[in-house]
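S.K.: Once you've had a glance at the structure underneath, I'll fire off some questions.
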Ligand SMILES: [Zn+2]
């Protein structure tokens, strides 16, 4: 129970990391539950999730390659650099 409570109280930073991660792969059950609990309480992260969904839809609409549809297009180091930029750089102040 204590473990579940700890995981259900994510910071916004961790929640946005998980939202980005969820675009690439299915999250483990406990993380999905923790993320869902955070999203129920945090309208800013719900907004961030909606923006991610919009960007993914736009990318598909305009034919931009999705990571999972063209495997091997980016090196692992390039993917990691992009993840780091998404985590650290281009976020609103309240999400840093
Ligand atoms: Zn949040």
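S.K.: Would you please give the FRET efficiency between residue 41 and residue 74, computed as 1/(1 + (r/R0)^6) with r the Cβ-Cβ distance and R0 = 30 Å, to the nearest 0.05? Could you put the intermediate results ahead of the total?
M.R.: Values: r = 34 Å, r/R0 = 1.14.
Step by step, r from the Cβ atoms, then E = 0.30.
S.K.: Turning to a different aspect of this structure: Could you line up 77, 20, 11 from fewest to most neighbouring Cβ atoms inside 10 Å? Each step should come with its number before you reach the end.
M.R.: Details: 77 8, 20 16, 11 12.
Result, fewest neighbours first: 77, 11, 20.
S.K.: Be a star and scan the range 17-31 for residues whose amide nitrogen sits under 18 Å from the point 7 Å along the Cα-to-Cβ vector of residue 86.
M.R.: 17-28, 31
S.K.: At residue 32 and residue 20, where each label point lies 7 Å from the Cα along Cα→Cβ, what is the point-to-point distance in nanometres?
M.R.: With each label placed 7 Å out from Cα toward Cβ, I get 2.2 nm.
Read-outs: derived from the displayed coordinates by stated rules, not from any lab. None of the values given here were measured: they were computed from a predicted structure. As a convention, Cβ positions derive from the backbone with ideal geometry for all residues, glycine included, and neighbour counts pool all protein chains shown.
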